[in-house]
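Here the structure comes first, spelled out in structure tokens, and everything after it is commentary.
The values are calculated or read from the model by the stated rules, or taken from the named source; none is laboratory data. Just so you know, these numbers come straight off a predicted model, no measurement behind them. Every residue, glycine as well, gets a Cβ built from its backbone with ideal geometry; the counts of neighbours run over all protein chains shown. With ligands, DNA and RNA removed, areas are computed over all heavy atoms of the protein, side chains included. Shrake-Rupley method; radii C 1.70, N 1.55, O 1.52, S 1.80 Å.
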Amino acid sequence: MAASPGPAGVGGAGAVYGSGSSGFALDSGLEIKTRSVEQTLLPLVSQITTLINHKDNTKKSDKTLQAIQRVGQAVNLAVGRFVKVGEAIANENWDLKEEINIACIEAKQAGETIAALTDITNLNHLESDGQITIFTDKTGVIKAARLLLSSVTKVLLLADRVVIKQIITSRNKVLATMERLEKVNSFQEFVQIFSQFGNEMVEFAHLSGDRQNDLKDEKKKAKMAAARAILEKCTMMLLTASKTCLRHPNCESAHKNKEGVFDRMKVALDKVIEIVTDCKPNGETDISSISIFTGIKEFKMNIEALRENLYFQSKENLSVTLEVILERTEDFTDSAYTSHEHRERILELSTQARMELQQLISVWIQAQSKKTKSIAEELELSILKISHSLNELKKELHSTATQLAADLLKYHADHVVLKALKLTGVEGNLEALAEYACKLSEQKEQLVETCRLLRHISGTEPLEITCIHAEETFQVTGQQIISAAETLTLHPSSKIAKENLDVFCEAWESQISDMSTLLREINDVFEGRRGEKYGYLSLPKPMKNNANLKSLKPDKPDSEEQAKIAKLGLKLGLLTSDADCEIEKWEDQENEIVQYGRNMSSMAYSLYLFTRGEGPLKTSQDLIHQLEVFAAEGLKLTASVQAFSKQLKDDDKLMLLLEINKLIPLCHQLQTVTKTSLQNKVFLKVKETYEKLPHIYLYLVKAPFSSNKLLVPTEGQFISFFHALSTRIIYYLLS
């Protein structure tokens with residue numbers, strides 16, 4: 001579907017275009033839900049508006065007439081090119097061919113009509129002052145313009161159905177392969193099918209990611225992001241959970257663990273399709289209640305409307321609305337984790353809001369019968385008072401939820417329970433497993449309830465959705481960790497079971513980190529800093545004297561390269577999470593290796609977001625600057641590792657230096673690449689560089705480090721961290 005002009009949205013009425021004083025408007029009955037369709041139509045709307053606006057002044061000079069004719073011809077030519085694309089799409093999609101062709105014919109006829117009506121060669125009526133009259137058929141021009149925009153919009157929306165069909169087809173392929181994965185009984189068969197599954201997931205991630213970025217509705221974008229995050233994180237869980245089942249086919253907890261992953265991925269896949277098709281299965285509706293902050297916002301709008309219309313709504317409705325809001329504050333006052341002070345303050349402010357509303361209603365009734373200035377002033381005062389009370393309630397609820405979340409995140413930052421579960425697993429201690437499983441369940445309930453409170457005070461619908469996603473993730477992942485720990489405890493010598501537990505624990509830790517980001521974003525919205533971007537702090541400003549960047553016009557990568565970049569980007573995202581987890585294990589957080597590792601991890605994550613069209617890197621210049629800084633940090637890292645090697649025995653020291661020094665020319669090569677014109681050849685050069693690195697892995701995995709616990713991390717921590725970091729460098733270079 002390379003010929004598609006861009007994805008759009010399908011839906012009900014809503015697309016209206018106007019041209020001010022011209023009186024021209026289009027109501028096509030087609031709602032535009034994506035940015036690509038909107039951006040495609042805007043130039044056409046602008047050109048047509050230029051033509052229509054000339055009807056107010058019927059006398060035109062010859063120069064003006066020629067300009068109008070050029071616009072009319074440009075519209076017709078653009079429509080002609082557009083129709084060719086539409087016809088190509090129709091030929092590739094027989095189920096939509098007839099509809100697309102009809103819309104294309106309408107668009108072509110409308111374009112030709114506009115060209116004819118603006119053709120000055122068809123006008124021979126000369127006025128005495130040397131000017132001629134244009135648009136003798138004004139109604140015909142407006143009619144043709146409406147038909148043109150309507151038919152072009154139809155073609156775009158029909159083309160969008162092709163895009164939607166692509167996403168559905170991709171989802172169906174993923175589901176079919178997942179069903180095969182569920183039924184495999186041998187490792188060899190599993191590896192073959194999982195390889196196919198990985199490629200299909202990359203394709204689906206690419207298509208759904210494009211769709212997410214194209215959506216205009218921020219709420220739908222947030223839902224899509226949540227569903228795609230589940231699929232991304234569950235892919236690794238599916239791998240290890242399936243391997244564990246194959247290794248221990250008679251283990252009930254292993255099967256339970258695996259089934260949970262498959263079920264969650266299927267639900268997420270369905271959610272993506274629900275969003276792109278804009279319809280819920282079996283006529284379901286969104287039953288989630290509105291948050292307290294949203295309720296307060298709507299309530300305040302209603303009472304403020306009384307300034308303009310005293311009969312805007314009934315007094316009973318206002319009272320019911322306020323009671324619904326205050327009833328939801330019981331989530332805070334009934335919570336075992338809310339402090340006594342916060343609880344008392346919330347109850348006090350709720351009572352005050354009820355009293356203020358009764359006073360407002362009393363004044364409101366008087367104002368309906370007495371139209372005096374004093375009553376109007378008293379009504380205004382009552383509105384201000386209840387608004388103030390509700391603002392104070394919002395502040396108290398925000399303080400309660402964010403303080404609880406911050407304390408909880410700080411308390412669980414060291415992940416003591418997860419470490420204990422891992423230890424009891426390898427020891428095969430079933431009694432200790434029960435104890436720590438209970439503690440994790442308690443922690444899970446705390447986090448779930450905190451997410452529920454954060455949703456109430458999130459301030460925007462996208463953040464509300466993120467809170468719901470976090471709540472569901474803690475709920476599901478907590479139980480999966482327990483089943484994975486049970487499997488390891490029953491099979492304490494199983495490396496696969498241990499790997500599986502590690503993956504689920506990393507997912508939990510990743511969600512804790514995401515919750516910290518969520519808390520920060522909620523605070524930003526509350527304090528009016530909405531929209532600020534948090535990027536890597538050392539990202540330099542754009543260079544002023546780089547001629548190469550100004551003339552840079554890289555070729556668009558083909559579909560194979562795009563798929564490869566998307567796949568590597570996905571892996572990069574997973575590896576940065578792994579590296580971050582390892583970094584947190586270092587006792588000495590001021591260690592240079594830790595600092596460079598943290599910086600490189602932050603930059604690598606920004607690069608991962610860049611492959612998805614998200615994050616702080618917005619342009620090719622941003623990407624190149626990040627490449628330069630990344631290479632520089634890599635050189636600093638090698639210097640620190642060289643210093644670290646002095647603590648090792650002679651043989652280990654020599655081997656480490658031989659392998660690590662291979663990273664130095666790679667960093668230099670990366671610096672060179674950023675200073676030259678970036679063409680497609682760069683991809684091949686980097687690929688060649690990649691071939692030089694496998695030996696580093698072999699050494700890092702097998703090297704017997706000597707350990708000085710006072711100065712360096714444990715052997716396992718260092719190897720794991722550096723392995724993840726070097727791997728991340730490779731995938732970063734490739735993407």
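Details
- Selected residue [touching a Cys at 6+ places or on another chain (Cβ under 7 Å) and touching a residue at least 24 places away in the same chain (Cβ under 8 Å)] from Val272, Val261, Val202: Val261
- Looking only at residues of the range 478-514 that are under 17 Å from Ile230 (Cα atoms) and touching a Gly at 6+ places or on another chain (Cβ under 9 Å), we find that the one that is surrounded by the most Cβ atoms within 10 Å (Cβ to Cβ) is Gln480.
- Any chance Thr517 is among the β-branched types (Val, Ile, Thr), crowded, with 24+ Cβ neighbours inside 10 Å and assigned to a helix (DSSP H, G or I): no
- Matching residues in the range 287-305 - criterion: being out of contact with any Lys or Arg (no Cβ under 8 Å at 6 or more places or on another chain) and within 18 Å of Met355 (Cα to Cα): Phe299, Lys300, Asn302, Ile303, Glu304
- None of Leu207, Leu148 is modelled with pLDDT under 85, under 28 Å from Glu98 (Cβ atoms) and part of a helix (DSSP H, G or I) except Leu148.
- Restricted to the range 214-238, and to residues there that are at pLDDT below 90 and hydrophobic (A, V, I, L, M, F, W, C), the residue that is surrounded by the most Cβ atoms within 10 Å (Cβ to Cβ) is Leu215.
- Count of residues meeting criterion [in contact with a Ser or Thr (Cβ under 6 Å, 6 or more places away or on another chain) and of a type in the set (Phe, Trp, Tyr)] in the range 191-238: 2
- Residue count for the range 164-186, restricted to those that are among the charged types (D, E, K, R) and open to solvent by less than 50 Å² (accessible area, probe 1.4 Å): 1
- Apart from one condition, Phe526 fits all of (1) modelled with pLDDT of 95 or more; (2) aromatic (Phe, Trp, Tyr); (3) open to solvent by 50 Å² or more (accessible area, probe 1.4 Å); the exception is (1).
- Odd one out for Gln358 among (1) without any contact (Cβ under 8 Å) to a residue 12 or more places away in the chain; (2) out of contact with any helix residue (DSSP H, G or I) (no Cβ under 9 Å at 6 or more places or on another chain): (2)
- The range 68-81 residues that are within 17 Å of Val141 (Cα to Cα), paired with ones that are among the β-branched types (Val, Ile, Thr) and assigned to a helix (DSSP H, G or I) (beta carbon under 6 Å, 6 or more apart): Gln69/Ile120; Val71/Thr50; Gly72/Ile114; Val75/Ile114
- Residue selected from the range 344-358 under the condition within 38 Å of the chain's Cα centre (by Cα) and surrounded by 17 or more Cβ atoms within 10 Å (Cβ to Cβ), by the criterion nearest to Ile457 (Cα to Cα): Ile346
- Number of the condition not met by Asp555 [criteria: (1) touching a Gly at 6+ places or on another chain (Cβ under 7 Å); (2) modelled with pLDDT under 85]: (1)
- Any hit, the range 295-314, residues being modelled with pLDDT of 90 or more, assigned to a loop (DSSP other than H, G, I, E, B) and within 31 Å of the chain's Cα centre (by Cα): no
- The residues in the range 166-196 that are in a helix (DSSP H, G or I) and in contact (Cβ under 8 Å) with a residue 24 or more places away in the chain can be counted, and the count is 14.
- Check on Ile303, open to solvent by less than 30 Å² (accessible area, probe 1.4 Å), within 24 Å of Cys467 (Cβ to Cβ) and either touching a Leu at 6+ places or on another chain (Cβ under 7 Å) or not hydroxyl-bearing (Ser, Thr, Tyr) (or both): no
- Of all the residues in the range 383-416, those that are over 19 Å from Thr294 (Cα atoms) and open to solvent by less than 10 Å² (accessible area, probe 1.4 Å) number 1.
- Residue that is most open to solvent (accessible area, probe 1.4 Å) [pool: residues in the range 248-280 that are closer than 26 Å to Ser493 by Cα and outside any helix (DSSP H, G or I)]: Asn250
- Any hit, the range 122-141, residues being at pLDDT 85 or above, farther than 30 Å from Ala205 by Cβ and basic (Lys, Arg): no
A quick yes/no check of all residues on (1) surrounded by fewer than 18 Cβ atoms within 10 Å (Cβ to Cβ); (2) at pLDDT below 75; (3) among the basic types (Lys, Arg); (4) more than 30 Å from Arg228 (Cα to Cα):
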| position | (1), (2), (3), (4) |
| --- | --- |
| Tyr605 | no, yes, no, no |
| Arg612 | no, yes, yes, no |
| Leu627 | no, yes, no, no |
| Ala631 | no, no, no, yes |
| Lys649 | yes, yes, yes, yes |
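- Pairs where the first residue, in the range 142-163, is within 17 Å of Val71 (Cβ to Cβ) and open to solvent by less than 10 Å² (accessible area, probe 1.4 Å) and the second is at pLDDT below 80 and outside any helix (DSSP H, G or I), C-beta under 6 Å, 6+ apart: Leu149/Leu26
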